[in-house]
Amino acid sequence: MTKQLRMWAFPAIFAAGAIMMVGCGASPSANGAGNTLLGKVKQTHTITLAVSAYAPEDFQNPTTKQWTGYDINILDGFAKSLGAKLKIVPMPFASSIQAVASRRADLTIDIYYTQARAKVISYSRPMLNYNDVVAVNSQNPAITQDSVSALSGKKIAVVLGSAEVAEAQKVPNATVRQYGSVAESFLALSSGRVAADFQPDTDVAWAALQNPSLHMKILGPVPSSIAPPIASLRGYYGLPKGSYSQSFLNKLNSYLKTIASNGQEQQILDKYGMTSPVFLKGIAAAPNTYQ
């Protein structure tokens, strides 16, 4: 759940250029590309994707400078199914919502559902479960069960200002250590200064894959008695509202359901260390609309 907080903090110097980039094009109706989003995509063979440059969702490979990440991989496959390619436009997370709402971008990367956002953009079917997990030291775990009783009285790391702070504070007699970044909390766990770390599962899986020397692993989800239900933390893609995007949305929903059902999405997630079944639990059977 800290993912959204970090997206809002994307560097302003990069943001200004990104907004200029996405705002310089004419609207679909102005350039005659079509009266619907699907029509525009079929004519231009391009899907403009607003991203916030955050691994492992969407980021530039430091060596090749190519954009990658599980969102990029998923949507690249979708673009190809329409005979199109992705045009990646980096920008702050807040600007990505505005860009899609005004049709300056066609899609956002995956986002949580909120009523405020639903007033200005449409949502795809859910594409992923986000879930807070209990990470422990894999070599010398201070706890061996992801239960409230096992966590009671222990030192728990969280990121300052994140939603995980409130979860950790519900553990009886726990000492909650708040760090300035996810990286700092992982180092505290790796060095044995805390017994557990409450973080989003994507962050832990990616860090463990990228840096095995941290010696950490996911013990299990944060106990359900102190954490929101998984279904409330699902990720969706955002696109313009109304009939303009409906036919495009139908294609996207069909594609997302197919790859969630046939194992293709799990193969993509595996590349980023996201091997736990929790990420796609119930996704294939979920409705196309938020409930």
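We did not get these values from a lab; they are worked out from the coordinates using the rules stated. These figures come from a predicted structure and were not determined experimentally. Quick reminder, even Gly has a Cβ in these numbers, built from the backbone with ideal geometry, and neighbours come from all protein chains shown.
Working note: 222 nm ellipticity from helices only, DSSP H runs with n ≥ 4, each -39,500 (n - 2.57), summed and divided by the residues of the chain, gives -10000 deg cm²/dmol to the nearest 500.
Give me the percent of DSSP beta bridges within segment 132-226 that run antiparallel, rounded to the nearest 5.
Numbers: 9 of 16 bridges.
Close to 55 percent.
The label-point distance for residue 85 and residue 226, in a model that sets each label 7 Å from Cα toward Cβ, rounds to 4.9 nm.
DSSP bridge analysis restricted to the chain gives an antiparallel fraction near 55%, rounded to the nearest 5.
Taking all pairs of different Cα atoms in the chain, averaging 1/r and flipping that mean, what Kirkwood radius in angstroms comes out? Display every interim value, and only then the final one.
Values: mean 1/r = 0.0503 Å⁻¹.
Across the chain, the inverse of the average 1/r is 19.9 Å.
The protection proxy used here, the mean number of other Cβ atoms lying within 10 Å of each residue, ranks peptides 243-250, 36-43, 123-130 as follows, highest first: 123-130, 36-43, 243-250.
A cut-off under 15 angstrom between Cβ atoms defines the neighbours of residue 263, and their net charge, with Lys, Arg +1 and Asp, Glu -1, is +1. How large is the translational diffusion coefficient of segment 132-226 in µm² per second when you combine the Kirkwood radius over alpha carbon pairs with Stokes-Einstein at 10 °C and 1.306 mPa s? For the chosen part, D equals 126 µm²/s.
Highest mean packing first, where packing is the average number of other Cβ atoms within 10 Å per residue, the peptides 56-66, 177-187 line up as 177-187, 56-66. Using Cα centres only, tell me the gap between segment 43-60 and segment 218-241 in whole Å. Each part reduced to its Cα centre gives a spacing of 22 Å. Three principal axis extents of segment 45-151 based on alpha-carbon atoms, in descending order, are 52, 39, 26 Å.
Where Lys and Arg each count +1 and Asp and Glu each count -1, what net charge lies around residue 224 among other residues with Cβ under 15 Å from its Cβ?
Details: positive: 170, 281; negative: 132, 146, 164, 167, 201.
Neighbour charge sum, excluding residue 224 itself: -3.
The packing ranking of peptides 202-210, 142-150, highest mean first, is 202-210, 142-150, where packing means the average number of other beta carbon atoms within 10 angstrom of each residue.
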